[in-house]
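**Q** Questions regarding the structure given below will be posed in turn.
The values are calculated or read from the model by the stated rules, or taken from the named source; none is laboratory data. Quick caveat: nothing in here was measured; it's all calculated off a predicted structure. Cβ placement follows ideal geometry from the backbone for every residue including glycine, while neighbour counts extend to all protein chains displayed. These area figures cover heavy atoms from the full protein model, side chains too; ligands, DNA and RNA do not enter into them. Shrake-Rupley method; radii C 1.70, N 1.55, O 1.52, S 1.80 Å.
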Amino acid sequence: MSFMGATGFLNVMDLIWGNLSLAAGAMLLCIFAGWVWGYRKAGDELQEGGKISDTGVKIWGLFVRFICPALLFLVLLSLFPIGVRLLQAIGLG
């Protein structure tokens with residue numbers, strides 16, 4: 001059994017569940033918290049249980065809406081052979 005360069009059942013499962021699904025799940029969580037639910041509502045929940053300022057919520061919102069999804073996209077892209085070549089072509093790989 002071979003899938004994206006991983007051979008053997010356990011290696012394929014590690015690739016799928018250890019690399020692909022964790023990065024994809026984090027990306028979906030960022031999209032949900034930043035855009036669907038809204039970072040202000042999520043920030044209110046963060047302020048309810050902890051000591052985070054309004055400025056901290058704004059910074060967190062910036063990260064969860066823009067920076068983290070972009071970096072997670074690069075991580076997901078680097079898992080595929082075509083993505084590795086593309087990242088190398090633009091000087092990121």
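**Q** Quick check on this structure: which one of Gly8, Gly18 is at pLDDT below 95, under 30 Å from Leu92 (Cβ atoms), in contact with a Ser or Thr (Cβ under 9 Å, 6 or more places away or on another chain) and not charged (D, E, K, R)? Give the steps one after another, and end with the answer.
**A** Details: Gly18 fails: in contact with a Ser or Thr (Cβ under 9 Å, 6 or more places away or on another chain).
Of Gly8, Gly18, the one residue that is at pLDDT below 95, under 30 Å from Leu92 (Cβ atoms), in contact with a Ser or Thr (Cβ under 9 Å, 6 or more places away or on another chain) and not charged (D, E, K, R) is Gly8.
**Q** Right, Gln47: assigned to a helix (DSSP H, G or I), of a type in the set (S, T, N, Q) and open to solvent by less than 80 Å² (accessible area, probe 1.4 Å) or not?
**A** Yes; evaluated as a whole, the condition is true for this residue.
**Q** Could you list, in sequence order, all residues of the range 1-31 that are within 15 Å of the chain's Cα centre (by Cα) and open to solvent by 60 Å² or more (accessible area, probe 1.4 Å)?
**A** If the condition is that a residue be within 15 Å of the chain's Cα centre (by Cα) and open to solvent by 60 Å² or more (accessible area, probe 1.4 Å), then Trp17, Asn19, Leu22, Leu28, Leu29, Ile31 are the ones that fit.
**Q** Take Leu86 and tell me if it is among the aliphatic types (A, V, I, L, M) and either under 17 Å from the mean Cα position of the chain (by Cα) or on the phi > 0 side of the Ramachandran plot (or both).
**A** no
**Q** Kindly list, by first and then second residue, each pair from a residue in the range 54-79 that is among the small types (Gly, Ala, Ser) to a residue that is part of a helix (DSSP H, G or I) and surrounded by 13 or more Cβ atoms within 10 Å (Cβ to Cβ), limited to pairs with Cβ atoms under 7 Å and residues at least 6 apart or on different chains.
**A** Between residues of the range 54-79 that are among the small types (Gly, Ala, Ser) and residues that are part of a helix (DSSP H, G or I) and surrounded by 13 or more Cβ atoms within 10 Å (Cβ to Cβ), the close pairs are Gly61/Gly34; Gly61/Tyr39; Gly61/Gly43; Ser78/Val84; Ser78/Leu87.
**Q** Have a look at Val57, Val75 and point out the one that is of a type in the set (Val, Ile, Thr) and closer than 26 Å to Gly93 by Cβ. Reasoning before the result, please.
**A** Numbers: Val57 fails: closer than 26 Å to Gly93 by Cβ.
One residue alone meets the criteria, Val75.
**Q** Could you tell me which residue of the range 32-44 is nearest to the chain's Cα centre (by Cα), considering only residues that are open to solvent by less than 60 Å² (accessible area, probe 1.4 Å) and farther than 16 Å from Phe73 by Cα?
**A** Ala33
**Q** Right, another one. Condition test on Lys58, is it more than 25 Å from Pro81 (Cβ to Cβ), among the charged types (D, E, K, R), at pLDDT 95 or above and surrounded by fewer than 14 Cβ atoms within 10 Å (Cβ to Cβ)?
**A** So Lys58 fits the description; yes.
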